[in-house]
Amino acid sequence: MKSPLLSLPGAVPAEGVDEGVAAHYGDLFREQRALADGAGFVDLSHRGVVAVTGEDRLSWLHLLLTQHVSELPVGEATEALILSAHGHIEHALYLVDDGTTVWAHVEPGTQEALIAYLESMKFFYRVEVADRTADFAVVHLPAGSIAEAPEGAVVRETAYGRDLFLPRADLEAYAEKAGPAAGLLAYEALRVEHHRPRLGFETDHRTIPHELGWIGTAVHLQKGCYRGQETVARVQNLGKPPRRLVFLHLDGSDVHLPPHGTEIRVADEGEDGRKIGVVTTSVRHFELGPVALALVKRNVPADARLVAGETAAAQEVIVEP
């Protein structure tokens, strides 16, 4: 779904899964600084929007999600996952309940599969699930923003900022008041800085929550009754995940960033060294320079010097070995 904000001056369209909104508006670092200072907004109108209504909505979702939501207070933001039977991550939901409806935004293009799964699990529960992507757009206001949300808008407030669920027809009018606009690249740079994983970037078909540090923020360990719980409990109580998320400081002399999927080796093992991980997201940060998130094997020493493709990289621990 193409955003009308691509008509703003300087807008350069994003590509891939983020197609439909702006990658930037002509000055990536200025846009990052604005967001870091609590100014401006990010157009996330390409993300899927799912609404769950009905008096059983919270108790029903509690049975399906990794998060404890049966008594979720009105207006309190949370995030949750849906796992496969083997504990692999299939969906990531960013939730808030407004008293009558649970609103969730999800990765672009994943809402149809998510809704199909939810519909298959309704049984006798008094719930209705709807795809509201065509009607509502997500807008992100950074932490510290003093911009006001339009009256009646659903607001999801977190430590990283506020996500607004706006009627799609109001998006252009709101953008005129909430500027300056910042693109997806600026938003992603701050996401990487804060070590926040993203479905489809930090995940693959075999990723489990422990690998990404999603325990606590998206997985509640004192609840049961959800698909994949056995894997979560087994890893938590008996072992360690096979991989771990790390933060990489990349050699700033390289012109090109190593793209998603770039193989990582231990530098001391030379060019023929074994593959020990992959880059998941790489960005240029206005203060930190080129940085990245990556998944590496758990037993890689935390002080090991790494090479991402041809780019030297120093790691910071996110998930403990």
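The values are calculated or read from the model by the stated rules, or taken from the named source; none is laboratory data. Model, not experiment: these values are computed from the prediction. All Cβ positions, glycine included, derive from the backbone under ideal geometry; neighbour counts span all protein chains shown. The protein model used for the area step is the full one, side chains on, heavy atoms only, and it has no ligands, DNA or RNA in it. Shrake-Rupley method; radii C 1.70, N 1.55, O 1.52, S 1.80 Å.
A few comments on the model shown:
- Segment Val12..Asn299, full-extension length gain: 99.2 nm, with 0.36 nm per residue of separation and the alpha-carbon distance subtracted.
- Given charges at beta-carbon only (K, R positive; D, E negative), |dipole| of the range 243-283 in Debye: 320
- The heavy atoms of Ser3 present about 10 square angstrom of accessible area, all protein chains included, probe 1.4 Å.
- Taking other residues whose beta carbon is less than 14 angstrom from the beta carbon of His86, and scoring Lys, Arg as +1 and Asp, Glu as -1, yields -1.
- Ranking by accessible area, most exposed first, for Glu202, Glu287 with a 1.4 Å probe: Glu287, Glu202
- Under 28 Å from the Cα of Lys122 - lysines, other chains or at least 8 residues apart: Lys223
- In the chain, the portion of solvent-accessible area held by carbon and sulfur atoms comes to 51 percent [1.4 Å probe, whole percent, DNA, RNA and ligands not counted].
- Simple spin-label estimate for Ala312 and Ser120 gives 5.0 nm between the two label positions (7 Å along the Cα-to-Cβ direction from each Cα).
- The stretch between Asp37 and Met1, if pulled fully straight at 0.36 nm per residue, gains 10.0 nm over its current Cα-Cα span.
- Sites Gln222 and Tyr160, calculated FRET efficiency, Cβ-Cβ separation with R0 41 Å, nearest 0.05: 0.95
- Taking GluC sites (Glu not before Pro) across the range 205-277, the ones in a DSSP loop with at most 14 further Cβ atoms lying within 10 angstrom of their Cβ are Glu271.
- Pairwise FRET efficiency - Ile146 versus Glu287, Cβ, R0 = 22 Å, nearest 0.05: 0.45
- Tail beyond 18 Å, pair distance distribution of the range 120-207 (Cα, percent): 59
- With helices as the sole contributors, the chain gives -5000 deg cm²/dmol at 222 nm; each DSSP H run of n ≥ 4 counts as -39500 (n - 2.57), and the sum is divided by every residue.
- Over the range 182-268, accessible surface divided per residue gives 45 Å², non-protein components excluded, 1.4 Å probe.
- Net charge, Ala173 excluded, C-beta distance under 14 Å - Lys, Arg +1, Asp, Glu -1: -4
- Applying the criteria of a DSSP loop state and at most 16 other Cβ atoms within 10 Å to the trypsin sites (Lys or Arg not before Pro) of the range 1-53 yields Lys2.
- Largest first, the residues Arg196, Arg156 sort by 1.4 Å accessible area into Arg196, Arg156.
- Label-point gap, in nm, between Ala267 and Glu128 - each point 7 angstrom along Cα→Cβ: 5.9
- Selected from Leu250, Tyr226, His205, residue furthest toward positive end of dipole (the range 140-265; charges at beta carbon): Tyr226
- When the GluC sites (Glu not before Pro) in the range 132-175 are filtered for DSSP coil states and for at most 11 other beta-carbon atoms within 10 Å of their beta-carbon, the remaining sites are Glu148, Glu151.
- Rg to Rh, two decimals, where the range 259-321 supplies the alpha carbon set and Rh follows Kirkwood: 0.94
- Cα pair distances of the range 209-256 binned at 5 Å [whole percent]: 4, 17, 24, 20, 8, 7, 7, 6, 6, 2, 0
- Normalised contact order of the chain, rounded percent, pairs of Cα under 8 Å and 6 or more residues apart: 19
- Averaging the Cα positions of each part gives two centres, and for the range 95-149 and the range 224-274 these lie 29 Å apart.
- The range 12-149, accessible area per residue, ligands and nucleic acids excluded (1.4 Å, Å²): 40
- Simple point charges give the picture: +1 on the Cβ of Lys and Arg, -1 on the Cβ of Asp and Glu, and for the chain a dipole about the Cα centre of about 800 debye.
- Ranking Phe29, Phe124, Phe201, Phe247 from most to least accessible surface, computed with a 1.4 Å probe over the protein chains only, gives Phe124, Phe29, Phe201, Phe247.
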